[in-house]
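The values are calculated or read from the model by the stated rules, or taken from the named source; none is laboratory data. None of these values were measured; they are calculated from a predicted model. A quick note on method: Cβ atoms are made from the backbone with ideal geometry, for glycine too, and the neighbour counts reach across all protein chains shown. Just so you know, the surface numbers come from the protein's heavy atoms only, side chains and all, with ligands and any DNA or RNA stripped out. Shrake-Rupley method; radii C 1.70, N 1.55, O 1.52, S 1.80 Å.
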Amino acid sequence: MEKMLVHGRRPLQGSVKISGSKNSALPILAAALLTRDTCTIQRVPDLSDIHYMLTILSSLGCEVERASGTVRIRAENIRTETPYDIVRKMRASVCIMGPLLGREGEATVSLPGGCVIGDRPIDLHLKGFESLGAAIRVQEGNVKALAPGLKGTTIRLRGKQGSTVLGTDNIMMAATLAEGVTLIEGAAEEPEVVDLANFLIKMGARIEGAGTSRIIIEGVRELQGAEHEVIPDRIEAGTFLVAAAISGQGVTIRQTVPDHLQSVTSALREAGFRIDIAGDAITINNNGKRRPISINTKPHPGFPTDMQAQMCALLSTTEGLSKITDNIFPQRFMHLAELKRMGADIELEGATAAIRGVSHLGGAPVMASDLRASAALVLAGLQADGITEINRVYHIDRGYESIDEKLNALGAHIERVKSSHIKNAKSR
Ligand code: EPU
């Protein structure tokens, strides 16, 4: 198993290019199931979650070719059942259900298990499929959806915590091939939903309103192959902005969409940083004194839950009392215990982390628990004295393309080593 050794307190400077969005690419790859023609998707990031999705598509009978960032998928003859072993590895595999149901009238997927970031039900996805006319049966850990013909209708997708991103994707994909008009109310407004809608429109789907809470889909008889370039990953971009805030002397994030990052850049401005935007580039500079802030995660365009852990790392060394509340995943705070091991002063009250900034963190062995938590530990390591040893780094490879190489190119010193090498290094 690999670990990362982050040698702290190296200044970051320069520019970094942002990769394609993981959370856009995953449902877009699944959408290729909606047609027998070839789909070509560009700027697909090289991540283990993407690899799982391509394995799932192959197991369903798709021909999949990948050459650097371009993926070609041809779903001519497909099955509608996926093996548990592959599906259980990634919750996003649930988004193959919508396209399978839309095209083949049936889909069987393993129910996603518990997740370290909290309870992640799929009741809203299932409610949406039922409204479209599918019969849902949960049996032996699998969820089976059957619908000889889907019929358009009005679906209210808002749950207790607000809208659902993959739920909106799933229903939108199924509805493209349903008879008549589907209206999704309470739809997720995330840029990744808009990117998927744009791809579906290129395939011949009739969709209006993506990016608002009301999406209208007029079903068509069939969809065709299409080409599409995935949007830049706003969470990777946000993570690099926070890395630069922590230890930067002027860093530019390139090939991004600044509009997608407004809530993050405004939080960083409030925290005392200077942000300059020019075209598809965002530059961040230290601007005198850092300030404590309060953040509430919200669906887009609010502050993203996927940036909560990274902000905890930044605020743990910002003098004063900061507060971060995660209303979307109230249990997504596994990183706090690890940050505390590095010397952070944080108390969790319900879904709110109260962070009292300390003057410095110290390197320590820490455990990555999920994707964004592991990014937060890398960021904490950048500002810590000494070496931070991050275990279970496979979590970070699920969603960040070469984060260590990209940070090293900016001036960081991060080593990726096998566990046995660490013991040798220490005994010397
Ligand atoms: N929810 C329900 N019922 C459902 C679906 C969701 O109650 O049927 C609740 C969830 O428990 C949560 C809230 O609704 O409290 C929002 O969850 P959502 O469905 O929007 O999450 P998701 O679609 O499963 C995507 C991203 C996550 C990101 C969330 C929120 C992908 C592959 N995943 O998940 O990304 O945190 O939206 O923005 O797009 C990550 O990249 O690290 C990650 C976890």
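A few remarks follow.
- So G204, is it at positive phi, open to solvent by 10 Å² or more (accessible area, probe 1.4 Å) and away from the ligand (no atom under 14 Å from the Cβ): yes
- Among the residues of region 178-233, the one identified as over 23 Å from D37 (Cα atoms) and without any contact (Cβ under 8 Å) to a residue 12 or more places away in the chain is E208.
- Here S213 meets each of (1) open to solvent by 20 Å² or more (accessible area, probe 1.4 Å); (2) out of contact with any Gly (no Cβ under 9 Å at 6 or more places or on another chain) with one exception, condition (2).
- Here A237 does not qualify as open to solvent by less than 20 Å² (accessible area, probe 1.4 Å) and not assigned by TED's automatic domain parsing to the domain that holds M307.
- Some residue of region 72-90 being open to solvent by less than 10 Å² (accessible area, probe 1.4 Å), more than 19 Å from the chain's Cα centre (by Cα) and outside the structural domain of A368 (by TED's automatic domain parsing): yes
- Only one entry in Q249, Q255, Q262 is polar (S, T, N, Q), surrounded by fewer than 21 Cβ atoms within 10 Å (Cβ to Cβ) and under 20 Å from Y400 (Cβ atoms), namely Q255.
- Residue check, F329 part of a loop (DSSP other than H, G, I, E, B), among the aromatic types (F, W, Y) and touching a residue at least 40 places away in the same chain (Cβ under 8 Å): yes
- Any hit, region 375-394, residues being touching a strand residue (DSSP E or B) at 6+ places or on another chain (Cβ under 7 Å), within 16 Å of the ligand (Cβ to nearest atom) and closer than 20 Å to I295 by Cα: yes
- Residues that are hydroxyl-bearing (S, T, Y) and away from the ligand (no atom under 16 Å from the Cβ), drawn from region 320-342: S322
- Any hit, region 272-283, residues being hydrophobic (A, V, I, L, M, F, W, C), in contact (Cβ under 8 Å) with a residue 24 or more places away in the chain and not in a strand (DSSP E or B): no
- Checking V242 against (1) within 24 Å of the chain's Cα centre (by Cα); (2) of a type in the set (V, I, T); (3) in a strand (DSSP E or B); (4) buried (at least 17 other Cβ atoms within 10 Å of the Cβ), the condition it does not meet: (3)
- Strands (runs of 3 or more DSSP E) within region 31-75 that include 2 or more residues closer than 18 Å to A226 by Cβ and without any contact (Cβ under 8 Å) to a residue 12 or more places away in the chain: 63-67
- The number of residues in region 55-71 that are open to solvent by less than 30 Å² (accessible area, probe 1.4 Å) and within 22 Å of the chain's Cα centre (by Cα) comes to 4.
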